[in-house]
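This report refers to the structure that appears directly beneath it.
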Amino acid sequence: MSLKRGVDRMFKQIPGASFAVQYWDGETITYGEEKPEFLLRLRDTSSVRRMLRNPFLRLPEAYVSGQVVVEGNLQRLLRLGYALDPRLPRVNPLRKALLYFAALARRNSLRGARENVSHHYDRGNEFYQLWLDREMNYSCAYFEDAADDLDRAQCQKVHHICKKLRLKPGQRLLDIGCGWGALAAHAVREFDVSVLGITLSKEQVARCQSKLRHSGLDGRVEVRLQDYRELETEPFDAVASVGMIEHVGKSYLPAYMAAVARSLRPGGTGVFQLISQTHEKAVAPWISRYIFPGMYLPPLGELATEVARAGLRIIDVENLRPHYALTLDAWIERFEKNREAIREMFDDRFVRMWRMYLNAACAAFKYGELNLWQVTFTHGFSDRMPLTRRYATSMTSRLAKRRRPAASRSRWPIDLRSKYGALRRCPPSRPSARGGGGRRSSGRVPPGSHPLLGKGLLDSLTRLPYPRWPCGRGGGGGPRRSVRALPWPRRTVTRPSCGAWR
């Protein structure tokens, strides 16, 4: 069978895909029944043969070198790799051995970790400023709404982590892999704590120190060029590790967990945010060779085992996989808007390489086996955490509303919404079976009023420092139903047996 016939037969077996392929002889064939989502140009037979032997390495290499051209949606092309995986020839044992020894050369020893981090993060702060958010968060954002812009979503992410850490004024926070210092600065400004951040990137340390001096936070935040294995045994009340475990490596996970346990005081709280694969396997070879040398993405089960061995206890796990897909879409959009400036910094090959990396990562979160976990843990036994997640989600929503431009806020009812968060509409009141019941409502609510309380009483409630509303046994069920609909902070709400206060 000729090469072209074999490739054509393979493409015809892909279900639910619509695309076109222009072969090296000039013929273009359309696959699928819908409008093609992309056009794949195959320029020569030699590159196609190499891709068939090892597609997850050779296809990105061919794209970066220009031997393969993609016009249209690059992510939809990369999605085909997950559909084609069972049908493609397996990598021969010799090739597997070569990849294994290449990975050993990029192990995250003390020296190797510095070289691996510098390879990716020391490209220059100006490069990352072009497509990251204002605070330069290089990790998954937290979207309260899919329409949130990247700056707001990243601010919500660091606030979400800080609330999970249960930070209190005067505490000490250790930020392992602090990046450009967004989490550390937010924790100091919003929670009045002191922070030590460590990183192996010289560019990140330089920008952090400059930013802290200009913002007046240099006395509250210290940033060191330091490996986690070089940490002293100074105790911290909380530990944050955002996007760091991916750079530790499989063989160094026990040492990393031991370092976290040594740094976190008994009863303290920590949060890991990490990318994880569903099954234990090597990272895509092209990513580990050209983008993130030394990267390893541990499955959640392996992470939980190492956490337990270090004497840490997992108390909450949250999967933010869709959030990372939205984050990467935002990064890709900003990257493409600034591709000419990036091309002037580097070259066309670099632009294609990073375009492939960002789109491959996004496709892996949308169609593949990647997850983004936030794992909250404590050092030893602790009952410090609340029973539910409301302590984190409600406060994150408040932060989003506080930072939202005034023009985008709802105008009904403006006073109560700005004080206590979104006010839910109540159903019309019904006559109470115990007497004194209210009358039926038509459901029409005058502007600026509440369906049950009315405008005058609503205005008086907004002037109270803390909302209180009597709901005794007498007087009917109207006021009781009204108070249940108001979103008072849960920590001030009790459930009395006789209904004295609510």
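Of all residues in the range 278-292, none satisfies being open to solvent by 10 Å² or more (accessible area, probe 1.4 Å) and more than 21 Å from residue 370 (Cβ to Cβ). Among the residues of the range 32-57, not one is open to solvent by less than 40 Å² (accessible area, probe 1.4 Å) and farther than 27 Å from residue 353 by Cβ.
Residue by residue, here is whether (1) farther than 19 Å from residue 82 by Cβ; (2) in contact with a helix residue (DSSP H, G or I) (Cβ under 8 Å, 6 or more places away or on another chain); (3) open to solvent by less than 30 Å² (accessible area, probe 1.4 Å) holds:
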{"site": "262", "(1), (2), (3)": "yes, no, no"}
{"site": "274", "(1), (2), (3)": "yes, yes, yes"}
{"site": "310", "(1), (2), (3)": "yes, yes, yes"}
{"site": "331", "(1), (2), (3)": "yes, yes, yes"}
{"site": "358", "(1), (2), (3)": "no, yes, yes"}
{"site": "361", "(1), (2), (3)": "no, yes, yes"}
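Condition check for residue 136 on (1) surrounded by 17 or more Cβ atoms within 10 Å (Cβ to Cβ); (2) aliphatic (A, V, I, L, M); (3) in contact with a Leu (Cβ under 9 Å, 6 or more places away or on another chain): one failure, at (3). Restricting 231, 165, 225 to residues that are closer than 21 Å to residue 256 by Cα and open to solvent by less than 10 Å² (accessible area, probe 1.4 Å) narrows the list to 165. Would you pick out the residues in the range 151-173 that are touching a Ser or Thr at 6+ places or on another chain (Cβ under 7 Å) and assigned to a loop (DSSP other than H, G, I, E, B)? Passing the criteria: only 166. Being under 21 Å from the mean Cα position of the chain (by Cα) and open to solvent by less than 30 Å² (accessible area, probe 1.4 Å) holds for only one residue in 322, 298, and it is 298. Among the residues of the range 145-162, count how many are closer than 28 Å to residue 124 by Cα and surrounded by fewer than 23 Cβ atoms within 10 Å (Cβ to Cβ). Total satisfying the criteria: 6.
Those residues that are exposed (fewer than 15 other Cβ atoms within 10 Å of the Cβ) and more than 12 Å from residue 4 (Cβ to Cβ), I need them from the range 18-31; list them, please. Within the range 18-31, 28, 30 qualify.
Is it the case that residue 206 is out of contact with any strand residue (DSSP E or B) (no Cβ under 9 Å at 6 or more places or on another chain) and of a type in the set (Gly, Ala, Ser)? Criteria met by residue 206.
Residues 201, 241: which one is over 24 Å from residue 164 (Cβ atoms), within 22 Å of the chain's Cα centre (by Cα) and modelled with pLDDT of 95 or more? Before you say what the answer is, go through the steps one by one.
Working: 241 fails: over 24 Å from residue 164 (Cβ atoms).
Sole residue among the options that is over 24 Å from residue 164 (Cβ atoms), within 22 Å of the chain's Cα centre (by Cα) and modelled with pLDDT of 95 or more: 201.
Can residue 108 be described as surrounded by 18 or more Cβ atoms within 10 Å (Cβ to Cβ), at pLDDT 95 or above and in a loop (DSSP other than H, G, I, E, B)?
Values: surrounded by 18 or more Cβ atoms within 10 Å (Cβ to Cβ): yes; at pLDDT 95 or above: no; in a loop (DSSP other than H, G, I, E, B): yes.
No: the conditions fail for residue 108.
Residues in the range 126-150 that are of a type in the set (A, V, I, L, M, F, W, C) and outside any loop (DSSP other than H, G, I, E, B): 2 in all. Residue pairs whose Cβ atoms lie under 7 Å apart, sitting 6 or more positions apart in sequence or on different chains, and linking a residue in the range 288-316 that is touching a residue at least 40 places away in the same chain (Cβ under 8 Å) to a partner that is surrounded by fewer than 16 Cβ atoms within 10 Å (Cβ to Cβ) and among the small types (Gly, Ala, Ser), are 311/380; 313/380. Remark: pairs (first residue in the range 180-192, surrounded by 21 or more Cβ atoms within 10 Å (Cβ to Cβ); second residue basic (Lys, Arg) and part of a helix (DSSP H, G or I); Cβ separation under 7 Å; 6+ apart in sequence or on different chains) = 180/207; 181/211.
The values are calculated or read from the model by the stated rules, or taken from the named source; none is laboratory data. In this text, all values refer to a predicted model and were calculated from it rather than measured experimentally. Positions of Cβ are generated from backbone atoms using ideal geometry, with glycine treated the same way; all protein chains shown enter the neighbour counts. SASA here: full protein model, heavy atoms, side chains in, ligands and nucleic acids out. Shrake-Rupley method; radii C 1.70, N 1.55, O 1.52, S 1.80 Å.
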